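These notes are about the structure you will find just below.
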Amino acid sequence: MLDWSVLVALVVVWGSAFAGLKIAVGGLHPAWVASMRLSTAALALFILMQGRGERPPRLWPRPDPIWSTYALLGVFGLGTPFLLFSWAATELPSAVLAICNGVSPVFTALFAHAFLAGERLNGRKSVGVSLGLIGFIALVAPDLKTNGLGSAVVAELAALAGAALYAVANVVTKQAPSAPPVLSAFIMCLAGALATAAAALLWAGPPPLPGLKVGAVVVALGLLPTALGTVGYVWLIRRRGALFTSFTTYLAPVWAILIGIALLGERPAPAEYAALALILLGVGIANLRGKTVERPPSPAGQPA
């Protein structure tokens, strides 16, 4: 029962993150949304580490290699995708953001084929990857046909790039030095927060003081889907394995659409439902015979 409770909690917090992102960028520059969200997550994870008696690895005078590895993953596997999704949220409904994020497992299978021995695409996985990519084309095609390379299509491509970076980070992490999950998540969030803060200063200048509602949403995004969601995800995949945990991939976008309809008044187009169906079908086929991982994955790959 506890396993299912954690699974449902992950679906709710990850699926709700896209609506939260839409609210946050309505009152705060998207770059500062990404930075403040990661800063909140890093602080929460640091406090959790202290409570567990864990200490960061050596940083001076000779840094432990864990710092450089997970810091790079934090910049390119968390910070950059968060920037891309935050900017895309200024142009796209939360449901479309969730659908774009759903392509990440398809990219993971594709990149794993290219860079990881023993994870080659077979016929079944190739069909799944193809369906997932066709699903994204089905999402973009109506906007491309109507408006050409307008802001909506550019935002969809930015979100797709964010999903691809999540996938790259998942693949790279399989070759990274082993580290406790809370520690690796802390280093990634800290590095991502610093990188996005620098980008935000260059892009938008000093941060304004957000309103109470927007500030609360940003803090919630940092605490729930980014920090605690990561810990819950790693706990669940260790306890029940990748196949059980992969249900979050299917259910979170559906929950995101329902939240977008209920809270934001969004009305997804038929093409968006078709795209979601194709992407989830592709992910399902590609992972039909899921295997339990030997080592828990990194925080990368989480929904935006």
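The values are calculated or read from the model by the stated rules, or taken from the named source; none is laboratory data. From a predicted model like this one, the values you see are computed outputs, not experimental measurements. All Cβ positions, glycine included, derive from the backbone under ideal geometry; neighbour counts span all protein chains shown.
Couple of notes before you dig in:
- Qualifying positions in region 158-174 - farther than 13 Å from residue 86 by Cα and part of a helix (DSSP H, G or I): 164, 165, 166, 167, 168, 169, 170, 171, 172, 173
- When residues in region 138-170 are screened for being free of Cβ contacts under 8 Å to residues at least 24 places away in the same chain, within 28 Å of residue 226 (Cβ to Cβ) and surrounded by 18 or more Cβ atoms within 10 Å (Cβ to Cβ), 2 of them pass.
- When region 93-137 is filtered for residues that are of a type in the set (A, V, I, L, M, F, W, C) and surrounded by fewer than 19 Cβ atoms within 10 Å (Cβ to Cβ), the ones remaining, listed by number, are 111, 114, 115, 116, 117, 121, 127, 133, 134, 137.
Residues checked against (1) in contact with a helix residue (DSSP H, G or I) (Cβ under 6 Å, 6 or more places away or on another chain); (2) at pLDDT 80 or above; (3) farther than 23 Å from residue 288 by Cα:
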| site | (1), (2), (3) |
| --- | --- |
| 141 | no, yes, yes |
| 144 | yes, no, yes |
| 154 | no, yes, yes |
| 161 | yes, yes, yes |
| 167 | yes, yes, no |
| 178 | no, no, yes |
| 181 | yes, yes, yes |
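- Which numbered condition residue 184 fails, given (1) without any contact (Cβ under 8 Å) to a residue 24 or more places away in the chain; (2) of a type in the set (Gly, Ala, Ser); (3) buried (at least 19 other Cβ atoms within 10 Å of the Cβ): (1)
- Helices (runs of 4 or more DSSP H) enclosed by region 25-138 - at least 2 residues per element that are among the hydrophobic types (A, V, I, L, M, F, W, C) and closer than 30 Å to residue 276 by Cα: 30-52, 80-88, 94-101, 104-115
- Test: residue in region 288-304 that is modelled with pLDDT of 90 or more and either of a type in the set (Asp, Glu) or assigned to a loop (DSSP other than H, G, I, E, B) (or both): no
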